[in-house]
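First the structure, in the form of structure tokens, and then the observations on it.
The values are calculated or read from the model by the stated rules, or taken from the named source; none is laboratory data. Only a predicted model underlies this, so the values are computations on that prediction, with no experimental measurement involved. Neighbour counts run over all protein chains shown; Cβ positions are idealised from the backbone, glycine included. Remember, those area values only see protein heavy atoms, side chains included, never the ligands or the DNA or RNA. Shrake-Rupley method; radii C 1.70, N 1.55, O 1.52, S 1.80 Å.
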Amino acid sequence: MRIGIVCYPTFGGSGVLATELGKALADKGHHVHFITYQQPVRLNVFSANIFYHEVSVPSYPLFDYPPYELALASTMVDVILNHDLDLLHVHYAIPHASAAYMAKQILIKKGREIPVITTLHGTDITLVGRDKTYEPVVTFSINESDAITAVSHNLKEETFRWFAIEKDIEVIENFVDNSRYNKKPIDAFRKVIAPNDEKILIHASNFRKIKRVNDVIQVFANVHQQIPSKLLLVGDGPERRSMEDLVRKLQVQEDVRFLGKQDQIEEILLVSDLFILPSEYESFGLAAMEAMAANVPVISSDAGGLPEININGETGYTAAVGDVKTMSECAINLLSNADLLQQFRKNAKAQAMKFDLQNIVPQYEKLYSRFCRMVCEA
Ligand code: GMT
């Protein structure tokens, strides 16, 4: 099939998932056309089946706010017509679903049909989309999509709770490419981070308030009092400065490293012992699933879809949002019991295998085939 994928090209989970999906589809012989304003960060391979179309938004003195959505819709029309796409799969509702609706209407006038599939990822529903600034457009454009998918059962429920959705929402969970993690941890790398074989705790996010990075640091400070340990903080965002202050206030700065944005996260995860994700909300928690793929158990909150992936007492532990005490106790218990840690590592990997790309990508292909104009073959 010839598939258009529209996503954010940044480090966020929706862009990562969309890019990994496109790469997996290309490996299976589909032609995948990414339509974004920048090369997606995970689009770091060459494939004869992958095409990248940049949306450019020319500036004009009149525009205080350049109309990205219009430029995106026009690019969609252009790519669909010139590359004869079979369908458009948009990731994250805002503004991709409404731009897709506009492109679809333009194409109808030209006598061309294009099915639109919208995948909801999380904050497009639970945070930004619910805001009355966007809600009417989000509701409309979700309802106008030919198919809607959500990345977890929780997100499906949240979407029905907050929006007047008139169609079914199919759950197709996020996935991870386990083959990327089937390599040995680099001992020399671990030694650089933890020269005295300290335990390595890790967190990765976009450092927004919703991620509660302050809880990560508090948990680490508690663990650190009892267990020689290091904390790796991967990613960047608005909370970074205040988190640096908190690290100094708690006097753990010697053992905390801010690594910034990283596109080779698997090397870092493979040398880690415990992943911390105490978010206020996660529709799924792809970052935690990637940690599990690297045999790393997870301490997380029990918000949103996290309990669907992090099984309490098996792949890690879950606790109520903000319950730093329980999270710290669980982390200390796990890190001080080598057999238990080993068992949790195995359980985490087994869980990641359930969410392997081999199991999930065919679900998208099956969905696409329902909307295919002709007999679809790769
Ligand atoms: O977590 C973020 O702030 C980024 C956001 C995104 O859309 O890029 O992530 C959302 O989508 C991911 C991929 O489906 C999910 O794994 C994350 O849980 C979800 N984030 C939230 O719901 C807060």
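Considering only the other residues whose Cβ falls under 13 Å of the Cβ of ASP124, what net charge follows from Lys and Arg at +1 and Asp and Glu at -1?
-2
Within the stretch 31-61, name every residue whose backbone N is under 13 Å away from a label modeled 7 Å from Cα of SER179 along the Cβ vector.
Under cut-off, by backbone N: nothing.
How big is D for the stretch 178-354, in µm² s⁻¹ as a whole number, if Stokes-Einstein is applied with the Kirkwood radius of its Cα pairs at 20 °C and 1.002 mPa s?
The Stokes-Einstein estimate is 136 µm²/s.
Residues with beta-carbon under 14 Å from that of ALA97, excluding ALA97: net charge, scoring Lys, Arg +1 and Asp, Glu -1?
-3
Taking only protein heavy atoms into account and a 1.4 Å probe, give the accessible area per residue of the stretch 178-354 in Å².
Normalised by residue count, the accessible surface of the stretch 178-354 is 43 Å².
Tell me, what % of the accessible area of the stretch 171-304 is carbon and sulfur with a 1.4 angstrom probe?
That fraction is 42 percent.
If one computes the Cα centroid of the stretch 219-255 and of the stretch 7-21, what distance in Å separates the two points?
Value for the Cα centre distance between the two parts: 27 Å.
Leaving ligands and nucleic acids out of the surface, order VAL213, VAL41 by accessible area at 1.4 Å, largest first.
Most to least solvent-accessible, the answer reads VAL41, VAL213.
With the chain treated as a Gaussian network of Cα nodes joined by springs under 10 Å, which of LYS167, LYS249, LYS28 yields the largest mean-square fluctuation?
Of LYS167, LYS249, LYS28, the most mobile in the Gaussian network model is LYS249.
Kindly provide the helix-only [θ] at 222 nm of the chain, computed as the sum of -39,500 (n - 2.57) over DSSP H runs of four or more divided by all residues, to the nearest 500 deg cm²/dmol?
-13000 deg cm²/dmol
Can you find, among VAL138, LEU120, MET102, the residue sitting farthest towards the positive end of the charge dipole of the stretch 101-147, where Lys and Arg contribute +1 and Asp and Glu -1 at Cβ?
Working it through, the farthest residue towards the positive pole turns out to be MET102.
Charges only on Cβ, +1 for Lys and Arg, -1 for Asp and Glu: so what's the dipole of the chain about the Cα centre, in debye to the nearest 20?
Dipole magnitude for the chain comes out near 360 debye.
Please give the Cα centre distance for the stretch 143-217 versus the stretch 52-114, rounded to the nearest Å.
About 28 Å separates the Cα centre of the stretch 143-217 from the one of the stretch 52-114.
Just to verify a number: what accessible area does GLU173 come out at with the full protein assembly present, 1.4 Å probe, Å² rounded to tens?
Its accessible surface works out to 50 Å², give or take rounding.
Per residue Cα convex hull volume for the chain, in cubic angstrom?
Hull volume over Cα atoms, normalised by residue count, gives 145 Å³.
Which entries in the list LYS28/LYS211; LYS110/LYS132; LYS230/LYS346; LYS156/LYS209; LYS156/LYS211 go over 30 Å, if you measure between the two C-alpha atoms of each?
In this structure, LYS28/LYS211; LYS110/LYS132 lie more than 30 Å apart at Cα.
Which of the aspartates and glutamates could be linked to LYS191 by a straight reach, that is with a Cα gap under 20 Å, when you skip same-chain ones fewer than 8 residues away?
Partners found: GLU254, ASP255, GLU266, GLU267, ASP273.
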